[in-house]
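Remarks on the structure that follows.
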Amino acid sequence: MRSWRYIGPALAGCATALSGLAGCGDSGPVAPATEAGVSDEPLDAEATADPAWFRESAAPRGLDFRLEARLAETPRLPEIVPGGGAALDFDDDGWLDLYLLQATGAGGNRLFRNLGEGRFVDVTEGSGLADGGFGMGVATDDYDGDGDVDLFVANFGADRLFRNDGDGRFVDVTDEAGVGHPGFGASAAFFDADGDGDPDLYVTNYVDWSDATELECRNRTGRLDYCPPARYDAPTADVFYRNDGDGTFTDVSEESGIASALGTGLGVVAVDFDGDGRRDVFVANDGMPDHLWVNQGDLRFSEQAMQRGCDRDLSGVAKAGMGVSSEDVDDDGDPDLIVCNLGGESDSFYLNDGGRFLDATNRSGLGSASRHFTRFGLGFVDFDNDGILDLYAANGRVGASDDPDATDPYAEPDLLLRGDGRRYLPVRPAGGTDPTPERTSRGAIFGDFDNDGGQDVVVLDLGGPVRFLRNVMPTRGGWLTVDVRDEAGAPAIGAEVRAEIDGRTVTRRIRTDSSYLTAQDPRAHFGLGGLDSIPSLEITWPDGSTRILRDVEADRILRVDAGDRGDESASAGVR
Amino acid sequence: MGNASLKIARSVCSRRAGTVLASTIIVAAATMVAGCGGDGTSESVEARPSLPTPSDLEGYDAGVRMEVIAALQRLEAAETDPVAWSRLGDLYLAHDRPALAIECYDASLLLEPDGVRPRYLRAWAHHDQGALDEARADIERVIELDPGATHPKWRAAGWLVEAGELEAAATLAEASITPPDVDLNGVRMLASIRLDQGRPEDCVELLEPLVRSRPKDRGSHYVLGRAKQMLGRTEEAARHLRLAGDARSTFGDPWLNEVMARRADLAARLITVQQRSNEDRHDEAMDLLRSLSEMYGPRREIRYAELVVLANRGDHAGLLEAVPALVEDEPAWALPRFREAQSALAVARAVVPPDVEGVSRAVDAAETGIALAPGAVEGHELLGEALGTGGRWFEAAEAYRRCVDIAPFVARHHVQLADALARSGDPMAAVTVVDAMDRDFGRSVDAALVRARAFVLFGRIDEARAILEQCRRALPGHPGIPRTDAAIRRGRP
């Protein structure tokens, strides 16, 4: 056992960054990477009582992207909801790259290659990924089983599937794959619904909207504003595709039952909630009861959110579900669930109790902590590596604030809540950054982009530049990241990793879904607090095969390939 | 209390609340010259109390603007009257301007520090803004000042629940329940807290008597259903949840209701029109619409409201005459099509047999509306009615089936579906639907009458007659009884 570490050099002179002097922090050029990191490491970590957890580093790290979504002079529904992107290692070099979706702004979608240590370069040209659609959400997985990560883009308009050809180039295979649904797509998730070894695809659709059906909505003082989705009275069905294993998909929305319920789907996660070995689907609907599609086998689903207690809150309110995250928050082995909602509504935090959900929003302190903001991207992530999940929410209103002089009347600060194992408490400075910017934030992508063991956040803001929030939390604990691969060498989506940490069994899933319109770091991350090692790490692949590693050292990224099975020391068969 | 103690002047235009200064601004507001002008000199600030005036007043909804200006003028004439300040605060609060409302309640409380109502509403405004500490301080003071009032206690309890302070919340909610005149919102709040505390049995104990005495309290049915789910009483839970439908527990209180009654925007005024019309005061409703047209111009919502009033007063011919103009101007709007379908059907049904052309127009209008808004259950229901009126019961059943898909918690659609199935010649399917209804919603006369008519098709006349008699005893005036009686007599539904 060791004491908690202080990570990163403390350059006392750069504390002047607080007073706005240039040259420190992110305003200067990127220094060469060193073993310890790069020069924009935490500078003022010991200078304040409550040091920032994150440092905004997009521009100096090479992320030049601005999301624009204006369609007309007066409000149009699609303008207020986009902000998607993906963390993916498209070239399998061990560094997470970024794919960011554009809506109406110049340049289309952009692919940024991570050169190492979280420094990026725009490699869109020639990549085949400069899709010009109105981008909404992204899902990532190796749909064709060739070992590299492919990309599905849900658009407002026809969706797109891009096959990764392994040489930094993607090919638009939408038509031959048969996944170009023309609706108002939002989030998407790849998951193996039928256990045949290849990922099927679920796409949420938001509203059956067209410019001709736009309405004129005003707030109570008459200001023209965006309409809530319920005003259109046009919910729509989600789409579910079966992967046929030959590069094509078949729309099985009707046969599977998915098309039987209409909704206003935004966020989605595909997780085995009832522990029957089949992955279910939770969909956050905006202003309508949420859906829980319980997998009955044979590609049949039954909507059971009401029966299982996760359709509405305890008083019956169908909230404006946006982002969703599912992790085993209480370490009892089953996945819990959080849905974030509109300002004036709290989050909905459900503890999974054997496939039934108990609303624990208020008792966890999330009721008052969350209700003032309109939350979109969110994630249960252990940012301080203390072994307990924290919660980040990217916020921004959908109805203008009452401040008539606001530059951006939809802007709000993001929210960072620290988990203490029982309750969630707001972190100061708000959102974990100092200063706390107010933006109209949407998607949030969580991952370790500089492979330093701290979970970073990429936030997409409407009408603003992307933010790259590097984790600079000075008192982070130890960590372990487990990169589980399948037989083809791609991330083993659907695998579970269980770590023995201080007498608890902590479970994390290999997954890319969750949050809002975004695809996440597929690696399993464990905060270890003061531990130097953990006694046992068990990996279960989707096919049920397992591998147990003993005495695993902390502070490393552990790649575990499929093939080897059994019980062994951590040094064997891993990279 | 004189002006000197009224320390609410601002030296500059407040960015946060968007206020501009001083009584002088009233003149500016009245002439629609709002905003952060350069005339707010410090002299005028020192000399006169300021009135919280929105800098964007010019852009306000015409009806709200008119009310705000009137309230400001009243306040200028009575600026030491705490009630006048509070009333302006109410107006801002009613229109989602909590920051301005807080300024008004601040002023009111400076003049009358023990004012309970403005303090309560200021607490609400603070809570709305996420200023939870301020909200809490205010509501605690309200409870001190007026310990006999119940709604501040259960309201505070609700806020404590959000903060995760469940024990303290339960204590406060309990304190709001004071027999013999029990505030039922206190009971509902306590029940909800018990559920949050993981004490579903206590929740059930509180709510079962309540829903027995108030069976239409659907919000409480929902909470009760969730409690019984937790207790594993799944069948009972399912029934409560279906009865609840899409209802939610709402917690209105006298002061907040008063505030919300101050809404003066177009949407609120159109609700008033609808209420008048629902009360058969159609002429008043039309007069209101005329004044709204003058105030707002020819807005489509106002034109649509006129169609609604025409339909409510039974002037279907008038509606059918008026609707084409709105349809022409708003071709992508489904609602006028639905009103057209409704009136065309009413006119067609006014003769026996129903007028074929009228039915056809109703079907066309409903289908056009559905194409524009496929998720609108109203359109499918109207289509089902129109098709059924034309004798196309098989197609009508499909339309009602769509209603059930879209709105599974509405019992009426299940009855409509079962009836259409029986009429289309499929009594077995009809009985299956009413069996499910009995299970999910509890037994009802509506469903039983459909069952009786389906039994007629099976030739089970005696059973049909027995069911009819049961229904007659339970609800002698039910409109479905004569029809079922006739079906039994002629041997077909």
- Query: Condition test on B:ASP81, is it outside the structural domain of B:ASP253 (by TED's automatic domain parsing), of a type in the set (D, E, K, R) and open to solvent by 20 Å² or more (accessible area, probe 1.4 Å)?
  - Reply: yes
- Query: Does B:ARG465 qualify as being closer than 22 Å to A:SER260 by Cβ, part of a helix (DSSP H, G or I) and open to solvent by 20 Å² or more (accessible area, probe 1.4 Å)?
  - Reply: no
- Message: Looking only at segment A:358-388, filter to residues that are open to solvent by less than 10 Å² (accessible area, probe 1.4 Å), in contact (Cβ under 8 Å) with a residue 60 or more places away in the chain and within 18 Å of A:VAL269 (Cα to Cα); which one of those is farthest from the other protein chains (Cβ to nearest Cβ)?
- Response: A:GLY379
- Task: Kindly list the number of the only condition in (1) within 11 Å of another protein chain (Cβ to nearest Cβ); (2) surrounded by fewer than 24 Cβ atoms within 10 Å (Cβ to Cβ); (3) modelled with pLDDT under 90 that fails for A:LEU342.
- Result: (1)
- Query: Picking from A:GLY419, A:GLY489, A:GLY503, A:GLY494, which residue would you name as being more than 20 Å from the chain's Cα centre (by Cα) and within 22 Å of A:ASP334 (Cβ to Cβ)?
  - Reply: A:GLY503
- Query: Within segment A:149-172, which residues are charged (D, E, K, R), open to solvent by 10 Å² or more (accessible area, probe 1.4 Å) and touching a Lys or Arg at 6+ places or on another chain (Cβ under 9 Å)?
  - Reply: A:ASP172
- Query: Across segment A:202-240, which residue is most open to solvent (accessible area, probe 1.4 Å) among those that are assigned to a loop (DSSP other than H, G, I, E, B), within 11 Å of chain B (Cβ to nearest Cβ) and hydroxyl-bearing (Ser, Thr, Tyr)?
  - Reply: A:SER210
- Do we have B:ASP202 as open to solvent by less than 60 Å² (accessible area, probe 1.4 Å) and modelled with pLDDT of 95 or more here? yes
- Query: Of the residues in segment A:258-289, how many are part of a loop (DSSP other than H, G, I, E, B), within 14 Å of another protein chain (Cβ to nearest Cβ) and open to solvent by 10 Å² or more (accessible area, probe 1.4 Å)?
  - Reply: 5
- Extreme residue, most open to solvent (accessible area, probe 1.4 Å), among residues of segment A:299-309 that are farther than 18 Å from A:SER187 by Cβ and either touching a strand residue (DSSP E or B) at 6+ places or on another chain (Cβ under 6 Å) or modelled with pLDDT of 95 or more (or both): A:ARG300
- Message: Restricting to segment B:84-102, name every residue that is surrounded by fewer than 24 Cβ atoms within 10 Å (Cβ to Cβ) and of a type in the set (Asp, Glu).
- Response: B:ASP96
- Item | Of all residues in segment A:241-253 being over 30 Å from B:GLU378 (Cβ atoms) and free of Cβ contacts under 8 Å to residues at least 24 places away in the same chain, the one that is least open to solvent (accessible area, probe 1.4 Å) | A:ASP244
- Task: Taking the options B:ARG141, B:ARG119, name whichever one is in contact with a Lys or Arg (Cβ under 9 Å, 6 or more places away or on another chain), of a type in the set (D, E, K, R) and within 15 Å of B:LEU256 (Cβ to Cβ).
- Result: B:ARG119
- Filter segment B:112-135 down to residues that are within 14 Å of chain A (Cβ to nearest Cβ), open to solvent by 10 Å² or more (accessible area, probe 1.4 Å) and touching a residue at least 24 places away in the same chain (Cβ under 8 Å), then give me how many there are. 6
- Message: For segment A:187-220, give me the residue count where each residue is on the phi < 0 side of the Ramachandran plot, in contact (Cβ under 8 Å) with a residue 40 or more places away in the chain and touching an Asp or Glu at 6+ places or on another chain (Cβ under 9 Å).
- Response: 21
- If you go through segment B:136-171, how many residues are open to solvent by 30 Å² or more (accessible area, probe 1.4 Å) and within 14 Å of chain A (Cβ to nearest Cβ)? 6
- Query: Checking A:ARG312 against (1) open to solvent by 10 Å² or more (accessible area, probe 1.4 Å); (2) within 13 Å of chain B (Cβ to nearest Cβ), which test does it fail?
  - Reply: (1)
- Among (1) surrounded by 18 or more Cβ atoms within 10 Å (Cβ to Cβ); (2) more than 14 Å from chain A (Cβ to nearest Cβ); (3) farther than 26 Å from B:GLU301 by Cα; (4) under 26 Å from the mean Cα position of the chain (by Cα), where does B:VAL359 come up short? (4)
- Item | Failed item, numbered, when B:LEU109 is tested on (1) buried (at least 18 other Cβ atoms within 10 Å of the Cβ); (2) within 14 Å of another protein chain (Cβ to nearest Cβ); (3) closer than 30 Å to B:GLY59 by Cβ | (2)
- Out of curiosity, is B:ALA407 under 33 Å from the mean Cα position of the chain (by Cα) and either more than 14 Å from chain A (Cβ to nearest Cβ) or surrounded by fewer than 16 Cβ atoms within 10 Å (Cβ to Cβ) (or both)? no
- Message: Please go through segment B:331-342 and give me each residue that is open to solvent by less than 50 Å² (accessible area, probe 1.4 Å) and within 14 Å of chain A (Cβ to nearest Cβ), ordered by number.
- Response: B:ALA332, B:TRP333, B:ALA334, B:PRO336, B:ARG337, B:PHE338
- A:GLY185 vs. criteria at pLDDT 90 or above and open to solvent by 10 Å² or more (accessible area, probe 1.4 Å): no
- Among the helices (runs of 4 or more DSSP H) lying completely within segment B:102-195, list those that include at least 3 residues that are among the hydrophobic types (A, V, I, L, M, F, W, C) and not assigned by TED's automatic domain parsing to the domain that holds B:THR250. B:116-129, B:132-145
- Residue that is most open to solvent (accessible area, probe 1.4 Å), among those in segment A:55-101 that are over 30 Å from A:LEU224 (Cβ atoms) and in contact with a Lys or Arg (Cβ under 6 Å, 6 or more places away or on another chain): A:GLU56
- Query: In segment B:255-269, how many residues are within 12 Å of chain A (Cβ to nearest Cβ) and either open to solvent by 30 Å² or more (accessible area, probe 1.4 Å) or not in a helix (DSSP H, G or I) (or both)?
  - Reply: 7
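The values are calculated or read from the model by the stated rules, or taken from the named source; none is laboratory data. Remember, predicted model here, so these are calculated numbers, not experimental data. Backbone-built Cβ (ideal geometry, glycine too); neighbour counts: all protein chains shown. Just the protein is used for accessible areas: all its heavy atoms, side chains included, with ligands, DNA and RNA removed. Shrake-Rupley method; radii C 1.70, N 1.55, O 1.52, S 1.80 Å.
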